Structure formats: structure tokens, C-alpha cells
Amino acid sequence: GAVVSQHPSRVICKSGTSVKIECRSLDFQATTMFWYRQFPKKSLMLMATSNEGSKATYEQGVEKDKFLINHASLTLSTLTVTSAHPEDSSFYICSARDTGGGDEQYFGPGTRLTVT
Amino acid sequence: QKEVEQDPGPLSVPEGAIVSLNCTYSNSAFQYFMWYRQYSRKGPELLMYTYSSGNKEDGRFTAQVDKSSKYISLFIRDSQPSDSATYLCAMRRSNSGYALNFGKGTSLLVTP
């Protein structure tokens, strides 16, 4: 149980285009999901907290108009990187908290974004 | 000062050795402590989850939390090559909305 999927696992896009990443909790409901970014040999940096049915909460320094988050259902959150630039290239990882369980967060496998 | 400090390593040990991984933190409000294992190009996998101070054991893994010293540890007994991965400590406050603060991760290599 407690499986979180992400799609796509890898994406290459051109500068100026937008990319959407999906995060799904497959066997549990998640009122809250989190989006992280990870650079090589660096830790996970929380970008935003996604709450089902309400606006996401962004961490300081994260542009909400650039990283659009939508949490339309209890099993799906999406992150859209708008007008992507090469510096947005990174490993994006989502996590989900089981609403009906404890406090644990379960992570997705990550999405490798490369902007050319 | 970062809230969570973790030596990135790399740490190389022979198979069968006991591995000790550590993190220190500065925020005394942290109450929940976790260890995650991350293989290359994969998402983190939860290994251990503890609340407040004390020890927790699960198979070959033991997690220790010393809140007075703001120091947490993960011990791996009888280490195996399959344990080779990056180990991330994470922690959060009780009123943080479940958002986690991560260490940088320690890269572990267990050699046959």
C-alpha cells in the first residue's frame, strides 16, 4: 500500500514552453500533497504544500505564477512549470500524506525535467 | 545556519559492517523525526519514523533521537550491498502542517 506515482518520469522541453507533472496517490486519499525540488547532491527543498480544494501554500522564494499547483481531487495534484527556462531543470518529487492514516508522507518516484 | 545538518559523505563500508548515520538540528520545536532511503534517480522511501526522544528498532535498522543534544542517528547492522543508497534525515514541527525539513543526505556505499 501507500503508493504514489508521478508522470512523466522524465521530460525534455524547450525554453519558453510549459510542462505539467502529475502526482497521484494510488491506494489512499491525500488531502495534502507536497512538491519538492532536488538538485544533484543536494537535499530536497520544499516548494509548496498542495491542499485539496484550496490554494497551494508556497515556500519563500518560490514563484507561484511560475509553478502552478492544482489539487483538484483527493488523489491528484499537478505541478505546471510555466515558461520553463534551463535553470528550472531539476528533479521534482511529490509526496502525499495519507489522510486516513498517520503522519507519514509517501514519496513519488520523481520527475526529471530538462529544459533546453 | 541550516536547520538540519547532515554530512553528505560519501561513506564506504565493507559488507557486514555496522553503519552509523547522523543528523544534527537547531530547531528545538522539531518533534517528529524520519529517515528516508533514496536510490539514484528515485523518490525517497520511508525507513523509520519516530516521535520525540528514544529508540526505535525495525529489523537491521535502529533509529535514535536525542532531543537534549538535537542529534538523531540511524544504525544499520549487518550492512548489505543493497543498502548502498543516499540516506536522508527529515524532521518537522508539530504545527508545521506536515511539511518536512530534510538534511542533505549521506551517500552510503557497502562494498562486497
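Just so you know, all these numbers are worked out from the coordinates, no wet-lab data involved. For clarity, every value in this text was computed on a predicted model and none was experimentally measured. Using ideal geometry, Cβ is built from the backbone for each residue, glycine included, and neighbour counts are taken over all protein chains shown.
The mean sequence distance of close C-alpha pairs (under 8 Å, at least 6 residues apart), as a share of the length of chain A, puts its relative contact order at 37 percent.
Taking Lys and Arg as +1 and Asp and Glu as -1, the other residues whose beta-carbon sits under 11 Å from that of B:P8 total +1. For the protein assembly as shown, the alpha-carbon coordinates run over 49, 37, 37 Å along the three principal axes, in decreasing order.
Largest GNM mean-square fluctuation among A:G16, A:G100, A:G61, using chain A with Cα springs under 10 Å: A:G61.
Kindly identify chain B as rounded, prolate or oblate by the Cα gyration tensor criterion: order the square roots of the eigenvalues as a ≥ b ≥ c, call it rounded if a/c is under 1.5, otherwise compare a/b with b/c, prolate if a/b is larger, else oblate. Present the calculation step by step, with values, prior to reporting the outcome.
On the way: a/c = 1.90, a/b = 1.63, b/c = 1.16.
It comes out prolate by the Cα gyration axes.
If R0 is 22 Å, the Cβ-Cβ spacing of A:T114 and A:K41 corresponds to a FRET efficiency of close to 0.80.
In summary, the aspartates and glutamates within cross-link reach of B:K56, defined as a Cα separation below 15 angstrom excluding same-chain residues under 8 places away, comprise B:D66.
Our coupling estimate for the range B:15-21, obtained by passing each phi through the Karplus curve with A = 6.51, B = -1.76, C = 1.60 and θ = phi - 60°, is 3, x, 6, 8, 9, 10, 10 Hz, Gly and Pro reported as x. Per residue of peptide A:34-42, the mean number of Cβ atoms on other chains within 10 Å of the residue Cβ is 3. Sort chain A into rounded, prolate or oblate with this rule: let a ≥ b ≥ c be the square roots of the eigenvalues of the Cα gyration tensor; rounded if a/c is under 1.5, and if a/c is not under 1.5, prolate when a/b is larger than b/c, oblate otherwise. Prolate, because a/c is 1.5 or more and a/b exceeds b/c. Annotation: lysines with alpha-carbon distance below 20 angstrom to A:K14 (same-chain offsets under eight excluded): A:K66.
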